[in-house]
Structure formats: structure tokens, C-alpha cells
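Asks: The structure that follows is given in the form of C-alpha cells.
The values are calculated or read from the model by the stated rules, or taken from the named source; none is laboratory data. Nothing here was measured: the structure is a model prediction, and the numbers come from that model. Glycine gets a Cβ as well: all are built from the backbone with ideal geometry, and neighbour counts include every protein chain shown. Note: accessible area is taken over every heavy atom of the protein model, side chains too, but ligands, DNA and RNA are not part of it. Shrake-Rupley method; radii C 1.70, N 1.55, O 1.52, S 1.80 Å.
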Amino acid sequence: MNRKKGDKGFESPRPYKLTHQVVCISNINFQRKSVIGFVELTICPMVASLNRIKLNSKQCRIYRVRVNELEAAFIYNDPTLEVCHHESKQRNLNYFSNAYAAAVSAVDPDAGNGELCIKVPSELWKNVDEVKVLKVYIEFSLDQPKGGLHFVVPNVEGSMAERGAHLFSYGYQNSTRFWFPCVDSYSELCTWKLEFTVDASMVAVSNGDLVESVYTHDMRKKTFHYTLAIPTASPNISLAVGPFEILVDPYMHEVTHFCLPQLLPLLKHTTSYLHEVFEFYEEILTCRYPYSCFKTVFVDESYIEVASYASMSIFSTNLLHSAMIIDQTPLTRRFLAESLAQQFFGCFISRMSWSDEWVLKGISGYIYGLWMKKTFGVNEYRHWIKEELDKIVAYELKTGGVLLHPIFSVGKDKDNPATHLHFSIKHPHTMSWEYYNMFQCKAHLVMRLIENRISMEFMLQVFNKLLSLASTASSQKFQSHMWSQMLVSTSGFLKSISNVSGKDIQPLIKQWVDQSGVVKFYGSFAFNRKRNVLELEIKQDYTSLGTQKYVGPLKVTVQELDGSFNHTLQIEENSLKHDIPCHSKSRRNKKKKIPLMNGEEVDMDLSAMDADSPLLWIRIDPDMSVLRKVEFEQADFMWQYQLRYERDVVAQAESILALETFPTPASRLALTDILEQEQCFYRVRMMACFCLAKIANSMVSTWTGPPAMKSLFTRMFCCKSCPNIVKTNNFMNFQSYFLQKTMPVAMALLRDIHNLCPKEVLSFILDLIKYNDNRKNKFSDNYYRAELIDALANSVTPAVSVNNESRTLDNLNADVRLILEEITRFLNMEKLLPSYRHTITVSCLRAIRVLQKNGHVPSDPTVFKSYADSGHFVDVRVAALEAVVDYTKVDRSCEDLQWLLSMAQTDPLPYIRHKIFYMLTKNPPFTKNMDSPLCNEALVDQLWKLMNSGTSHDWRLRCGAVDLYHVLFGLSRPSCLPLPELGLVLNLKEKKAVLNPIIIPELAASNQELLQSVGMHGQVATFPNNEEESKEMVSTVLSQGVKRKAESSLESPLEAGQVLEKNEDNKKVKLKIREEEEIDMDTVHDSQAFIHHHLNMLERPSTPGKEQSALDLHMLPVPSVPLSSYIKESGSSKHGHHHHHDHKKKKKKHKHKHKHKHKHDNKDRERELLPFSPASGRSVKSPSLSD
């Protein structure tokens, strides 16, 4: 897949090239939540005898398929619906992860696979050479889709348009197959024609240009016709339908915004800034925005805050805000800018394969960072980089690393490059959501490292080159082979970097892209007065989880009395000590100004520093040009100087963190000075508030004067005449607004000698609430009031119970009573006058949980459960669910865990379902090594079912369930399960299996290689002993797709789009196998059953007498599977498929004696196989497979 650009560009894994696709949705029914339509794909065969076409389609019910006007037979099989079959007793996660990765591979379009296998009618075979184009026409419908399309139908009076009913497409990575049949790959580009017929009162918004909208004859419906002339991959196609209000951007008429009824004023304000983002990107990329138009649609109940598709982005309606809101404004602008960056890299320029994803995410994240630097300033930008760096470092050290460019070799044992993880990183669909977010974070940080290496100018030239190549290619209407220029690959990207800059960045790529892990530095120093040299010692930890060894340059900045000096150290294999010559002699007596890094000269009070040394402070890697964690030891006075005089916000933040461990009056003074300095970056001042509270608590016995920050707050925000009354709010100065919000929250963390919140602090906060007056303010104070409630919650300390009296609301502590009254009053006010985004309700719910946990009010989840019900605002629901999750953990409540899990299955909002799993994973009710009454067999089964088949409609949700299972039970079989009666011990070293009455029959972690050796294609492999046998052996491994279980009765109805196959006039349908032989599709049914049976016997420890015979299986409705995707080249052979069908006619090259020979062979093979067969519980005498 990762071919270099030179080798004639991109080689498709598919035997055809898609050039154009029509999607026509003719009916959308909001009552039934159903969709009817058809697609037509125009395909150019790339091989002479194309007789099978594989496409992607999930949960669509397919009615008919026609190829060039001829009816075509098709098979539908989706192994991801149920990963492991229900009769399997497997319960360990290793087994599941391998099976899941195999199921996803089996339908992965990037491997040339798909759920839908269409047989090209034989009439077209003869002239397939003359027929240059095949038109594949598919009629389909969707009924109550569980994923891909989300219907929002508010439960109120009126018509659908009056109710504000709308729908939109969503998904994680390539999920377009959930709502129409397509080639669901980022590497298959084509032009599009999109038609949507909707009620006349609704609008359909989709990709490309709206050509026309036509009313139907009865004037009740309207058809919107879109064309997208720029070749686009199907994952970048989207749709939103609803009674939207439409706003044409006043600054750029080709940009249109859509929102739900009555939100137009908010939409106007929110999007008024967007044109500046356009200008910025077009300027730095020196390239026009690639599409002819851009549409933003704001929808309710969105899957993620922002989703980018070709020429349109779908946003959450919760991002809309009025001019009165301060806190949401920068966040929304950031989302708008992020989505626009992805239009260039992600939608317009797509990728060759999953392992090139990091380039797109990296570039779009990097140019978004440049926008941030310009818009919010260098301080905000550096603070953001520091935040992202801390996030990725913490995650990698916890989980063992994020690999940006996974390279997969085919058929190797070690197929999973990230063995420390509990999921496969081979596909985005098997990856944990958190890992994917960290992956994006690391990608843009690595782009920044590349920029450090080659300069920003060259970096932007590379982007411009990629864009101009792509836009040239996109205009080649009839030369679709040129379109691969619109796909980026890792090797192509690196090649254009070396062409443009002439620099070799291979070592950097090897360090950060081709391997995972971050660097951990420990630094300390000594000053040698005799030699006037700074002796710096830098150690690395590269043995613990998620770390790697760093060799290369490292910048160190030393601030001396004579100025600031940069030194570049070369970190070698084993060098620890580095000598750095100092410039200035210690001369403290002369009153001379000290030059800083940025050229400023300042007066310093040098009395605190060491008389012998000229060093003020030292910084390691100040530019964050390594992905690292640095722990550096220097004296407290050096940290204090660094905080006061270093002008870089990252340095100030580092020194604030370091000062927490030095609770001295000098630290207190340095922090107070920073708080009072208005030139200082507001985020640094906010950090200083919390640090000061910590220091004050450590110095509680020696602290003098009023509580920390109180006098400062009074001076800044209270009336001169009456210091306990706060001035009327005026938030015109945003820096002081953020400080005013944060200080009370930090002050509430102060504690006196008895570890209680000081009385005067509590009464001070209550006064702030009491005298809060926002009448003359042009901004809303909802965030400020919410933070005051957070401050009340922070002031709560654990209850002291006197002679075990029960907690009732009558015998409440007086302070707590005051707090509870405020919270109740706020909650009641919210019911009448809700605040923006219900921020106050959210804070109140958190505060109630704090009171419960500290034993002041009875612990009870009912209030949270009522707020968590569907119908409340999403932030409120999340806050309430968080409290229930916490209650479940603390009170070990089984019924509440059940309540959460059932909500995770049934809630109408995909986001809430995902959040429940995420919160349970972050705050689990128990973990794998704990004894907990909650840990029982029923829970294991319930979660297993959820992972296995209950979440197949949403990749993110399934991965969330897997994460939760991992946190609760670990990788191997959960400890709470009973041991089965008998099983097999596998000794892989000596290659023998021993029967043992008390051993677990699961393929545990040690057997992972067994599964991986199947090339991730199935569950169980049979191992041939010699060349000859391997030819005769059926090593066909059925993937996890057999949805109709062997136990299901014949009458069981087909699920939507489950198995529908056509054989016209019972003609034999031929399947083309990779080794150019033909298989008779009539026999597929039986061989399916045979393989299924084979698997069953291998998979479960059976008891004699219960084994189903192969004949029974023949009669059961086992679906046909496109076998080719599961046949290993080595193991498949012509007779391998037919030797067990005596009733079939002789095929070419098949002699009867072959068949009889097989009967005996099979018996012998059973015996030889047994030592290898994983966890097979049967005896040698059990019926031979071919009987």
C-alpha cells in the first residue's frame, strides 16, 4: 500500500476503478425513520475478466442489483455484526481483538474487500474487453438506522417541519457504508451526482454545487440536485435534511450557513468571523479554497462537535452563541477554523492508506495551530502546544505509546506492531477513541518538529506543492488515472519535503513517526566556580512503558547575569555530563540591568541568589522540539526568578508547578506578584491562583495576614467603601474576567489548621453570590456564577459524625446548610430562567455529588437519574451521568450499573451512549484485580454481548465497550468466571496439547501467535505438517461473519440486509479465487457448513453425543460468504473444497479416487492435527469431519 510516489503513483487494491457515482434518495420518512433510494456506480474494469465486484454496505436492505441493465446475483455478508459466534464460550479480550481485527479486515475496502459481493452477469463476460464501463445499479432502503444517519424527531406537536425534525449523516472515519452502498475507502475517488427528495418545507444540504431544486407534481415534495465535480472519496460525502434557516455569508457569497428554526440571530453572530479564517488559510497556503462553495450546518444531537466533509461541515448546534457569551466564543472559533483546515487536508486531499492518516491529521492540525498563533497570539499558541505535549506524554507513558505510521507486513506472526495495546491499530475501526484523539494530537506536534527542522517557509511550500498538484489533477475530468495525485502518502510527503528543502529528515521520522514512545529526561546541575563552568547532568529513562531513547541535539538555555545564552548539547548514547562555559563573573555589587532573552533589560533583586554563581535559571529544551517530559532540579530561588522574569509562558507555567514543592514566603511573594501583574498572560495568573492556595495550605501554621488572594480580590473587584460587597460586574477586560472567575474557586481550596475551609473564606464566597449584580454588564455572567458554585463545592470538607447519628437534613452543619440552600436556589432559578448551555445546573449537580461524598447529605442517585433522562440538555445529562457513575463506584451499586449499561444500549443520542462507556472507563466501578460484588458472570456476558454484537452499528461505541471490558477484566479470561469442566493445555514450545480437567480452554494471551498466524483472517488455523498435506488440507478459515448461528431455527426471519442472494435460473455462479481457479457457488453453502462445523468443533469443548453432524448443518440457513476473502493462498486447493460433497457432479480435474483417498487422509489428519488444534476439547474418536 505505501508505494513511493515514483512507482507510477497509487496502485489500487481493487480490480476496477470507480469514476462516477450517483446517489438518489427518493423518500425520507421521519415518522418511520426510514430512507429509500438507489445508487449507480460507474466502474472501469482494470482486469480482463472482472466477474466479481465487492462493495461496502452496512445495515442497508438491498432489493436488487443490476449491472448494465442486467439483473445480477449478489451475496451480502457482514462479519462485524457478530464478531464471535454466540455458542463460543470465549471471554478473553485477546481472542476478541484478533477476531474483531479479522472481521474488519474481511470487509476492508483498502484490502479490496466488502460486505456486498456482486456477480457480474455472464452475458457481460464475453465482451468485458469491449465493454469499457460497467454501471452497477443498486436499490436499497434503510429502516430505523442505528448508525450512519441520525434522525432527530422532537416529541412535540405539529408537522415534522414545525417540530424541527431533521436528519444528518455521521460516523467515525469511513462510515458512509452505513447509509448507502459505496466503496468506503479514502483512496477511491470519483465525481458525484447527489439527489435528495424531501418535504417541500425542508432543505437538503449536501456536497458540491446545488444545481437546481425542483418541486414534484403535487408540490408537496422538492428534489435537490447536487453535483460534485472534484473527485472525492465516499467517506467525505454527507447529508443534512431539515427545516433549516439559511444565511448567505455577507462577506463571502459562496459560503452558506444553515441552522434550526429560530436560531438565525445566533448563527449570524457565530459565523460572522469565518471569512477571516478563509483569508488566513488562503494566504499562508498561497492557494485558493479548493471547492466552489462551503456550507456549515448546525444540527442538534450531533455525534462530535465538528465533522468535515467535502465542501461542507456539520457542527453541533450547541456551538452557536450570542454576543453576550465570552467563554464559548474562542472555542467555537477554534472549531470553525479546525473544520476549514480539514477542508484542504482531509477532504480535498485524501490519503492512500490508513498508515498515511497521520500526514493529513498532522498538516490540518499544524495549519490550524498557525491560525491560532495569529488569532490568539503567541502565548496562547505556546500554551496550547504545551498542553497538547503534556497530554500525549501522559497518555504514552500510561498506555505504552502511539504509533503514527504503522507498517503492516503480510502474514508475519508479529502482525500487530503495538502489542502493548488491547486493540489492533491496523484499522481505525478497531482503535480506542482516546487513542485516536491522541494520535491526532501527536501528528500535529510531529509536524511542528518537522517545521523546526526545515523552517516554516519550506513547510508551507511543501503544502502548496501538494495542493497545486491535487488541484491540477482534480480538473482532469476524463483522466481518472491522474486523480491519485490527490492522495497523499507518507513516502510522497517526505519526498516533497526533501525536494523542497534539500534536508534529510529521515532520523526525525524514524524517531517520532515510525516508532512509538516519548522521551523522559531528568536533569540536575552543579556550578564549578574554579573553572567558571556549569556542569549539567542529563539522564534518560528509556526502559519504562511508553519511553524511547533519544540521541540527537538538545537545546539548553541558561540565563546568567550578563544575559541569556543558548547552548546545543549533543545527547549521545551514554554521555550524561555536559560542561557549559559561563559568560559572566559573579558581580552582584554593580547595579546593572540584566538583559533577558527577548532583549528587555530589567532590574532584579539579586539578594536571594547564590553568591558564587552567576546563574539565574536554566531551561532544558525550551522550544519543545522533542516530545518529552523533563524533570529538572534547580533551587527554589531560581524557579522564582524564572517565574518573575522569564517572558515565555511555558517557562512560567513550569516554574509555577515546581514552586508547589517550595512553600516559603519567597514563593508566596513571587506568586502574588504574578497575580498582580497585568502584563502577565491570563492563563499563567489563573495557574498561580491554585498554586498559591496549595502553598498557603502547606504554610498554614506560619501564614500571616488575611487568607491568600482575598486582599487582592478585594482590591481588584470590590467596592472601596465597603470591601465585602463586590462591584457591579463589568467584564469588558477579559483578562480580569478570567481572574475574577478563578480566584474564588482557588480560595475555596484553602484550609485552616483543623483542615476546614476558613469561615471568612466561605462567608466571602457567599457574599459574592449574594451581591452579584449583572444588570449593567453587556456580557452574560452565567460562567462566573457557575464557578462561584464550584467554589462552594470546593469549600466542602468531610463531615464529622457525632456518636454515629444518621445524616438527615435537620441536623446539617450550619455552613453546609447555607451551601445547600444556595445550590437549591440556583437550581430552582435555572428551571425558570435557564442559563446559556445550563452551566449553572451542571455546577449544581457536581456540588450535590460533592456534598454526598463528604457525608453531609444522604448518598442517593435519584436526583441525578432524573437529570440524566433523555430530554435534558446534553451537558446536564453528562454531568448527571458522571455523578451516577461515581455513585456506582463508591456504593458498589449493581442496579445503577445495570441502569447505566441499559442506557448505553438504548439512549437515542450516540454521543451519550459513547460518553457512558467513556466515563465508566475513566472511573470504573472496579478493576481487574479487585474483589467486587459487581464482578460476576452475568456482567461479563452482558458486556461481551455488547462488544460482540450489540454495538456493531457504531465503531466508536464498540471500541468504547472494548475499553471498558479491558479496564474491568483485563486481557485474559475474567477471574469471576467459573472454570469449565475440561479443556486442553497448549504447550506451544513442545507443540503438544495435554488434556486437563481444570484448565481454561480459552486461547489466552500466550496463544496470540496462533491467531495472528492466520494473517488476522480468522479465528482458528489448522497447521499442516508437510508440503503435500498442506495442499490437501482445507485451511480455509471462515471469518466471523456467520451471523445465522448453527442453533437458529429454520424459521428465523432474515434481519435487515442480512443474507439475500440470487441465482437466476439456478445457473451456477462462479467465484473467482486469487489463484485463478473457479469454485462452484452452489457448493459454497455446503462448504460453509463444513467450515462452520470445523470451527465449532475446534472452538468449544464438546461432550460426546452433543456434536451436531455435518448433515444437520447442511440443512441450516448458514449464509453464503464471499469465500475468496477467507481463503489463504497457501492452503486453498481445488479439491480442498469439494472432497466432502460426494453428491456433486465431477468437476474438471477431479477424479473419484481423489475423494476416497481424502476420506482416509482426513482421519489420519485428525490425529496429526490434534496436538496443534487450539483448545479443541474432543477426543480422537469423535466423528471425522468428512463423515
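Asks: Contact order normalised by length for region 537-664, with contacts defined as Cα pairs under 8 Å and 6 or more residues apart; what percent is it?
Replies: Here the relative contact order equals 22 percent.
Asks: In sequence order, what are the phi-derived ³J(HN,Hα) couplings for region 227-242 according to the Karplus relation 6.51 cos²θ - 1.76 cosθ + 1.60 with θ = phi - 60°, rounded to whole Hz, with x for glycine and proline?
Replies: Once θ is set to phi - 60°, the couplings for region 227-242 become 10, 10, 7, 7, x, 9, 7, 4, x, 9, 9, 8, 8, 9, 10, x Hz.
Asks: So if we plug the beta-carbon distance of Thr906 and Ser272 into 1/(1 + (r/R0)^6) with R0 = 35 Å, what FRET efficiency do we get, rounded to 0.05?
Replies: For R0 = 35 Å, the calculated efficiency reads 0.30.
Asks: Return the distance in nm (one decimal) between the two label points of a simple spin-label model at Asp612 and Glu760, each offset 7 Å from Cα along Cα→Cβ.
Replies: About 4.4 nm, to one decimal.
Asks: What are the principal axis extents of the Cα atoms in region 644-783, in Å, biggest first?
Replies: Sorted from largest, the Cα extents of region 644-783 read 43, 38, 25 Å.
Asks: Amide H neighbours of Ser185 under 5 Å, counting only residues 5+ apart in sequence or on other chains, H built in-plane at 1.01 Å?
Replies: Long-range HN contacts for Ser185: Ser234.
Asks: Additional query: Leaving out ligands, DNA and RNA, what percent of the accessible area of region 695-789 is carbon and sulfur, probe 1.4 Å?
Replies: Here it works out to 55 percent.
Asks: Right, another one. What full-extension length gain, to one decimal in nm, is calculated for Ala938 and Arg64 as 0.36 nm per residue of separation minus the Cα-Cα distance?
Replies: 310.4 nm
Asks: Continuing with the same structure: How much of Thr216 can a 1.4 Å solvent probe reach, expressed as accessible area in Å² and rounded to 10?
Replies: 40 Å²
Asks: Hey, if we sort His872, His20 by accessible area with the 1.4 Å probe, largest down, what's the order?
Replies: His872, His20
Asks: How big is the accessible area of Asp752 in square angstrom, nearest 10, if you roll a 1.4 angstrom probe over the protein chains?
Replies: Surface open to solvent at Asp752 totals about 50 Å².
Asks: List the relative contact order of region 193-305 as a percent without decimals, with contacts defined as Cα pairs under 8 Å and 6+ residues apart.
Replies: It rounds to 22 percent for region 193-305.
Asks: Also: Once label points are set 7 Å from the Cα along Cα→Cβ at both Cys976 and Glu212, what is their separation, rounded to one decimal in nm?
Replies: About 6.4 nm, to one decimal.
Asks: Moving to a separate point now. Given a Förster radius of 35 Å and the C-beta distance between Asp390 and Val700 as r, what FRET efficiency does 1/(1 + (r/R0)^6) yield to the nearest 0.05?
Replies: Efficiency, from the Cβ-Cβ distance: 0.75.
Asks: Also: Roll a 1.4 angstrom probe over the protein heavy atoms and tell me the percent of accessible area of region 423-574 that is carbon or sulfur.
Replies: 49 percent
Asks: Still on this model: Which loop-located trypsin sites (Lys or Arg not before Pro) does region 212-280 contain, where loop means any DSSP state but H, G, I, E or B and the Cβ has at most 10 other Cβ atoms within 10 Å?
Replies: Answer in residue order: Arg220.
Asks: A follow-up question, please. With a 10 Å radius around each residue's Cβ, average the other Cβ atoms per peptide and rank 161-167, 856-862, highest first.
Replies: Output ranking for 161-167, 856-862: 161-167, 856-862.
Asks: Using θ = phi - 60° and the Karplus form 6.51 cos²θ - 1.76 cosθ + 1.60, what ³J(HN,Hα) does each residue of region 936-949 get, whole Hz, x for Gly and Pro?
Replies: 9, 4, 4, 5, 4, 4, 5, 5, 4, 4, 4, 5, 6, 9
Asks: Under 12 Å from the 7 Å Cα→Cβ point of Lys510, by amide nitrogen: which residues of region 542-572?
Replies: Hits in region 542-572 for Lys510 at 12 Å: 551-552.
Asks: Rounded, prolate or oblate, given the Cα gyration tensor of region 129-244, with a/c below 1.5 counting as rounded?
Replies: prolate
Asks: Related question: Rounded to whole Å, give me the distance from the Cα center of region 227-257 to that of region 861-936.
Replies: So the separation of the two Cα centres works out to 37 Å.
Asks: When only C-alpha pairs under 8 Å and at least 6 residues apart count, what is the relative contact order of region 682-778, in percent?
Replies: With pairs under 8 Å counted, the relative contact order is 38 percent.
Asks: Report the normalised scattering of region 38-139 as log10 I(q)/I(0) at q = 0.24 Å⁻¹, calculated by the Debye formula with identical scatterers on the alpha carbons.
Replies: At q = 0.24 Å⁻¹ the computed log10 ratios are -1.26.
Asks: Could you order peptides 534-544, 549-559, 365-375 by the average number of other Cβ atoms within 10 Å of their residues, highest first?
Replies: Going by the mean number of other Cβ atoms within 10 Å, highest first, we get 365-375, 549-559, 534-544.
Asks: Net charge around Phe969, counting only other residues with Cβ within less than 11 Å of its Cβ (Lys, Arg = +1; Asp, Glu = -1)?
Replies: +3
Asks: Hey, can you grab everything whose amide H is under 5 Å from the amide H of Glu560? Only 5+ residues off in sequence or another chain; H modelled, so Pro and N-termini drop out.
Replies: Phe565, Leu616
Asks: Ordering Ser698, Ser625 by accessible area with a probe of 1.4 Å, largest first, what comes out?
Replies: Ser698, Ser625
Asks: Right, here's the next one. How far, in nm, would the chain grow between Lys549 and Ser468 when pulled straight, counting 0.36 nm per residue and subtracting the alpha carbon separation?
Replies: Net length gain for the segment: 25.3 nm.
Asks: Taking the alpha carbon gyration tensor of region 195-325, what are the square roots of 5 times its eigenvalues, largest first, to the nearest whole Å?
Replies: 24, 20, 13
Asks: Sticking with this one: Given the C-alpha centroids of region 701-730 and region 329-364, what is the distance between them in whole angstrom?
Replies: 46 Å
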